[in-house]
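Here is the structure we will look at, set down as structure tokens.
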Amino acid sequence: AVWDVTTGKEIQQYGNVNFEQQRKALEEELVVPAWCSVDCRLGSLCVNLDFPQVFSAELYAVDAGWNRHPDLEDQKINVGFRVLRG
């Protein structure tokens, strides 16, 4: 399954597939420092924020899927901060 760790919601279920093949099919060329670890052993998502890395995970708003807007072209968002505020 693919989860959105910023909202804690499951996005898509893939069923019984080869994990490595599916991971490579979904992977993007987007580099963000490791800022959390995740676990879903109990059926719900558990996100553990790694301090202080959680506050160094930044990416451009358009790379995060926000709508393209001239004011957001160079706008960076802090992923860890948004998770804490959410």
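Among the residues making up the range 2-31, those that are in contact with an Asp or Glu (Cβ under 9 Å, 6 or more places away or on another chain), touching a residue at least 12 places away in the same chain (Cβ under 8 Å) and open to solvent by less than 70 Å² (accessible area, probe 1.4 Å) are VAL2, TRP3.
Is there a residue in the range 19-26 that is of a type in the set (S, T, N, Q), over 20 Å from ASP63 (Cβ atoms) and under 12 Å from the mean Cα position of the chain (by Cα)? Within the range 19-26, not a single residue is of a type in the set (S, T, N, Q), over 20 Å from ASP63 (Cβ atoms) and under 12 Å from the mean Cα position of the chain (by Cα).
Residues of the range 61-85 that are open to solvent by less than 90 Å² (accessible area, probe 1.4 Å) and of a type outside the set (A, V, I, L, M): ASP63, GLY65, HIS69, GLU73, GLN75, ASN78, GLY80. Among the residues of the range 38-86, those identified as of a type in the set (Gly, Ala, Ser) and outside any helix (DSSP H, G or I) are GLY43, SER44, SER56, ALA57, ALA61, ALA64, GLY65, GLY86.
The values are calculated or read from the model by the stated rules, or taken from the named source; none is laboratory data. These numbers come from a predicted model, not from an experiment. Neighbour counts run over all protein chains shown; Cβ positions are idealised from the backbone, glycine included. Just so you know, the surface numbers come from the protein's heavy atoms only, side chains and all, with ligands and any DNA or RNA stripped out. Shrake-Rupley method; radii C 1.70, N 1.55, O 1.52, S 1.80 Å.
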